[in-house]
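Report on the structure given below.
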Amino acid sequence: MSLLHASIAARAPEAMARALARLLGGTALPFPPCPGAWIAFAAADDGTAVEVYPSGTRLDHGPSSVAFTPGPPRRDAGATHLALASPLTVPEIEALAAGFGWTARTCDRGPFDCVEIWTGEGLLIEVLDAGMLADYRKGMTVASWRAMFGMED
């Protein structure tokens with residue numbers, strides 16, 4: 001089982017989706033089911049995507065399907081964050097972040113390193129280049145997690 005897509009909110013959904021699509025090496029398109037929303041597809045075009053709704057949008061239980069309810073914009077992303085594998089190199093990731101006026105720095109997460117990006121939306125995005133992704137896949141396992149935090153059976 002794999003995570004296929006996630007949704008986030010942004011004050012500027014199109015700009016955020018375009019930035020995410022660049023990090024994913026993919027394409028950003030409008031997301032018609034939710035007015036004003038956009039979606040960022042990964043380069044693999046295998047369904048991996050991030051939906052970006054206008055800030056304040058709520059997902060509600062509609063009569064036959066999900067309903068998108070607008071609300072007042074929020075100033076932060078709360079506890080939401082994303083970790084993305086990128087075809088870009090670390091210098092390219094940092095340059096992309098700088099181009100948007102975002103803070104970027106390489107950080108050690110224990111079992112893997114990542115480029116930590118803080119967007120103007122208050123959203124944390126952990127971006128991993130190919131080498132970082134290889135370390136992530138080796139280190140982010142149940143067994144490694146248990147060993148790292150002393151949770152052996």
Check: Once amide H atoms are built 1.01 Å from N in the peptide plane, which residues 5 or more positions from Phe31, or in another chain, come under 5 Å H to H?
Finding: Ala37, Trp38, Ile39
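Work out the length of the dipole vector of the stretch 15-153 about its Cα centre, built from +1 on the beta-carbon of each Lys and Arg and -1 on the beta-carbon of each Asp and Glu, and round it to the nearest 20 debye. Provide the component values of the computation, followed by the final result.
Working: 10 positive and 16 negative charges, 69 e Å.
Roughly 340 debye, rounded to the nearest 20.
Of all alpha-carbon pairs in the stretch 1-74, indicate the percentage at a distance above 16 angstrom. Could you put the intermediate results ahead of the total?
Numbers: 1278 of 2701 pairs.
It works out to 47 percent of all Cα pairs.
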Check: Mean 1/r over all different Cα pairs, inverted: what Kirkwood radius does the chain give, in Å?
Finding: 16.5
Check: Pick from Val142, Val52, Val90: which residue has the top mean-square fluctuation in a GNM of the chain where Cα pairs under 10 Å get a spring?
Finding: Val142
Notebook entry, point to check: When Leu29, Leu128 are ordered from fewest to most other Cβ atoms inside 10 Å of their Cβ, what list results?
Noted result: Leu29, Leu128
Next item on the list: Would you give the gap between the C-alpha center of the stretch 34-62 and the C-alpha center of the stretch 63-90, rounded to a whole Å?
Entry: 7
Check: What list do you get for Glu14, Glu152 if you sort them by fewest beta carbons within 10 Å?
Finding: Glu152, Glu14
Margin query: About the Cα centre, and with charges only on the beta carbon of Lys, Arg (+1) and Asp, Glu (-1), how big is the dipole of the stretch 1-74? Nearest 20 debye, please.
Written below: 280
Next item on the list: Starting from one equal scatterer on each C-alpha and no solvent at all, send me the Debye-based log10 I(q)/I(0) for the stretch 76-148 at q = 0.14, 0.21 Å⁻¹, two decimals.
Entry: -0.45, -0.89
Checklist line | Length gained when the stretch Leu124-Arg11 is fully extended (0.36 nm per residue, less Cα-Cα span) | finding: 39.2 nm
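Computed from the coordinates by the stated procedures, all read-outs in this text should not be read as laboratory data. This is a predicted model, so every value here is computed, not measured. Quick reminder, even Gly has a Cβ in these numbers, built from the backbone with ideal geometry, and neighbours come from all protein chains shown.
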